[in-house]
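Here the structure comes first, spelled out in structure tokens, and everything after it is commentary.
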Amino acid sequence: MIQQGEHVNVQSFDALASGSDNHLEPTDLIVSTKELSLGFGQKTVIADIDLSFPRGSITALIGPSGSGKTTFLRTLNRMNDNVKGFTRTGDVLFNSESIWSPNIDLLALRRRVGMLFQRANPFPMSIEQNVIAGVKAHNIAKKSQLKQIAKMRLEEVGLWQAVETRLHDSPFRLSGGQQQLLCLARALAIGPDVLLLDEPTSALDPTSIEAVENLILSLSPAITFIVVTHNLAQARRISHNTAFFFEGQLTEYGPTKHIFEDPSRPETQRYVSGRMG
Amino acid sequence: MNHSIAVRERSRATLLKRFFSIKAVSRIAAFLPPAALVFATAILFAEALPAIKYNGLGFLTHTQWRPGNFYVNPVTTNGVTHPVGALYGALPLILGTLESSVLALVIAVPVSIGAALIIVEKLPDHLSQTVGLFLEVLAGIPSVIFGLWGTLTLGPMLARDVFPLISQIVPNIAFFKFFKGNTGHGEGLLTSGIVLAIMVIPIIASTSRDLLRQVPRLTKEGGAALGFTDWETNRWISLPWIRTGLIGASVLGLARALGETMAVAMTSGAVLGANPSNAFLPMTTIAATIVSQLDSALTDATGLATRTLAEGALLLTLIALATNIAARLLVRRVSSTALPVGRGI
Ligand SMILES: Nc1ncnc2c1ncn2[C@@H]1O[C@H](COP(=O)(O)OP(=O)(O)O)[C@@H](O)[C@H]1O
Ligand SMILES: [Mg+2]
């Protein structure tokens, strides 16, 4: 567990900034958690997490199954609020304001903090409608612009050529990888600041994995990414910072290079070297 | 070695035989429902044939229902012996059947879907179970009880408190003119439609509820994560996901309403040949006519009256059949747009 959260944040930010041209304020944390403990019923899933995500960074959350990564991630845009038995203490700040503050509108929060799930979940509507569903819900664009937005987002995720001639067809006939890219296009269409990804490529073929990874890299730093992954190589490839969850604790957090090559804790060492779960 | 092979061969043979006999039985079983339908329709047709000959196409267009004079000697026309002056026109019955059923569906479908959404998405488990039980009980109540309640309690109440209000509120244009004017005494089209709606709501609501439970949580969460309101998630995800099933459930309800007899016979006023000028006045349906006219029809020595009732029954069967076929075509169209193959039923 990390005792000096602030210190670690600054360190990790330095590591990030040194590798990029963009100058970011060290204090520019888009999301941070404060003594966040989560559980279901009597059970505590994770305890006392102080973790901060610099604006524009890509953070990987790694750890064995059941270590609470999904629960943590889903809390960041309040997807757990209505889950039966869910308990929480502590807080999550988005742009320095509690996401449970009465000033925060839940729907607006979810527009700013989007999410991509482990399995693709297209809506039962045409491919084009899928992309613009969120745009319509939030009333972001004029009706006449919707087609253009759909095209732009499909191009952005590299799906346009494949679906150009079947925009009005069912999304369920697309391959798994294409469906996941469609869901990504849908999430991007409402212009989120943060994207939460829960093992977004675990059900995909290598080509689609590469497509998603490249997309994440190209969208950073405009979008801050928080990515749960079981694919350690993926974490190394795409993330600036890595957080290691283990047995209900945030065991270690720091620059990805540091976590993988010179971790401070023996559990981290064992996990990243493949000797655990 | 040889011995064991023989045993294996033999057991395989019995297995095969058993397999084929199961297959044969299930094949016969599969043919039973269509066979029963064809058989019943054929019997009805044979029974109705003299009436079909005598009534001709006028059966579908005339508005009079006159059994004729049973007390003078029958005469023969087109080879059919019939009472003098017999004239059967089923147009009001056909219209009444369609109008009351469609009215029932127009009321029942939104109410049922709304109820199902509340049961699945809003109510805590124990409450949704209680409501589910209530629906099942409601579905099991004999229709004569609904009929009695409709004619003694609901009808008069509607005529006193609700119909005048409706007649006042609706605009005096086109379609809505049907809900203006004399508000009657509570026996009529709208009362029947409402009673029918109450009878088919349990069917449609419980089917919709079961369908809604099959919508994947992951897909609904996709909506929530995108900042959908609950209403948007329901409208854009859950209901489209199950839309073919919803059509099926509605047709189930429609079939029930089309064929419902006692409740309509008791709440419609069952006025033969009635062609109500508005929704509040007495009317009748094919099924209600069959049950209310059977007694007197049996006194027609020529048999034409009962054969005409059989013709009505045949017509009702054909209407139900046509409804089902139309629904099937609709389902095919709707399911081809966005649902995963084989999903949503
Ligand atoms: N809705 C839920 N109700 C009860 N327990 C849950 C629920 N979701 C997750 N859990 C429990 O929380 C723990 C952490 O799960 P999860 O966050 O999915 O871990 P991870 O994503 O790291 O594999 C697990 O023990 C799991 O059983
Ligand atoms: Mg998980």
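The values are calculated or read from the model by the stated rules, or taken from the named source; none is laboratory data. What you see is a predicted model; the values in this text were computed from it and never measured. Positions of Cβ are backbone-derived with ideal geometry, glycine not excepted, and every protein chain shown enters the neighbour counts. With ligands, DNA and RNA removed, areas are computed over all heavy atoms of the protein, side chains included. Shrake-Rupley method; radii C 1.70, N 1.55, O 1.52, S 1.80 Å.
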What average number of partner chain Cβ atoms lie no more than 10 Å from the Cβ of the residues making up A:79-88? 1
Using only DSSP helix segments of four residues or longer, with each worth -39500 (n - 2.57), what per-residue ellipticity at 222 nm results for chain B after dividing by its residue count and rounding to 500? -21000 deg cm²/dmol
Report the extension gain between B:I28 and B:L15 in nm, rounded to one decimal, defined as 0.36 nm multiplied by the number of residues separating them, less their alpha carbon distance. 2.7 nm
Can you give the net charge of the other residues whose Cβ lies under 10 Å from the Cβ of A:K34, counting K and R as +1 and D and E as -1? -4
With all protein chains in place and a 1.4 Å probe, B:W149 shows an accessible area in Å² (nearest 10) of 100
Straight-line reach from A:K147: which aspartates and glutamates have Cα under 18 Å away, leaving out those fewer than 8 places along the same chain? A:E128, A:E155, A:E156, A:E164, A:D169
Treating cross-link reach as a plain straight distance, find the aspartates and glutamates whose alpha-carbon is under 13 Å from the alpha-carbon of A:K43, omitting any fewer than eight places away in the same chain. A:E247
Can you tell me the order of A:119-132, A:144-157 when each peptide is scored by its average per-residue count of other Cβ atoms within 10 angstrom, highest first? A:119-132, A:144-157
Residue-averaged 222 nm ellipticity for chain A, from DSSP H runs of 4+ at -39500 (n - 2.57), nearest 500: -10500 deg cm²/dmol
Report, in debye and to the nearest 20, how large the dipole of the protein assembly as shown comes out about its Cα centre when Lys and Arg carry +1 and Asp and Glu carry -1 on their Cβ. 1940
Chains A and B together, accessible area buried on both sides, 1.4 angstrom probe, square angstrom: 2000
Please work out the average accessible area per residue across chain A, using the 1.4 Å probe convention, and give it in Å². 43
Just by accessible area at a 1.4 angstrom probe, what is the order of A:K84, A:K34 from largest to smallest? A:K84, A:K34
Could you sort A:L76, B:L165, B:L315 by their accessible area in this structure, using a 1.4 Å probe and putting the largest first? B:L165, B:L315, A:L76
What order, most packed first, do the peptides B:137-144, B:243-250 have when packing is the mean number of other Cβ atoms within 10 Å of each residue? B:243-250, B:137-144
Whole-Å distance linking the alpha carbon centroid of region B:49-126 with that of region A:261-277 is 78
Between A:Q145 and A:A233, what FRET efficiency follows from the Cβ-Cβ distance if R0 is 41 Å, with the result rounded to 0.05? 0.55
What does DSSP give for chain A in terms of the percent of beta bridges that are antiparallel, rounded to the nearest 5? 60
Roll a 1.4 angstrom probe over the protein heavy atoms and tell me the percent of accessible area of chain B that is carbon or sulfur. 68
Answer rounded, prolate or oblate for chain B, using the Cα gyration tensor with square roots of eigenvalues a ≥ b ≥ c: rounded when a/c is under 1.5, else prolate when a/b is larger than b/c, else oblate. oblate
Under a point spin-label approximation (7 Å from Cα along Cα-to-Cβ), what is the B:L98-A:D81 distance to one decimal in nm? 5.0
Span from the region B:190-227 Cα centroid across to the region B:266-299 one, whole angstrom: 33
Would you list A:T165, B:T207, B:T153 from the most to the least accessible area, probe 1.4 Å? A:T165, B:T153, B:T207
Relative contact order of region A:160-277: what whole-number percent is it, with Cα pairs under 8 angstrom and at least 6 residues apart? 17
Would you check the accessible area of B:M199, probe 1.4 Å, heavy atoms only, in square angstrom rounded to 10? 10
Quick one: accessible surface of A:K142, probe radius 1.4 Å, all protein chains present, in square angstrom to the nearest 10. 140
For A:K142, the lysines lying under 25 Å Cα to Cα, once residues fewer than eight places off in the same chain are dropped, come out as A:K151
Taking a ≥ b ≥ c as the square roots of the Cα gyration tensor eigenvalues, with a/c under 1.5 meaning rounded and otherwise prolate when a/b beats b/c or oblate if not, the protein assembly as shown comes out prolate
Shape verdict for region A:89-234, please, from the Cα gyration tensor: rounded (a/c under 1.5), prolate (a/b greater than b/c) or oblate. oblate
Round to the nearest 0.05 the FRET efficiency obtained for B:I169 and B:V111 when R0 = 25 Å and r is the Cβ-Cβ distance. 0.85
Counting pairs of alpha carbon atoms under 8 Å apart in space and at least six apart in sequence, what relative contact order in percent does region B:93-337 give? 28
I'd like the mean, over residues of B:214-225, of how many other protein chain beta carbons sit within 10 Å of each residue's own Cβ. 6
Keeping all protein chains in place, calculate the accessible area per residue for chain B (probe 1.4 angstrom), answer in Å². 53
Given Cβ point charges of +1 (Lys, Arg) and -1 (Asp, Glu) and nothing else, what value in debye, to the nearest 20, does the dipole of region A:124-277 about its Cα centre take? 500
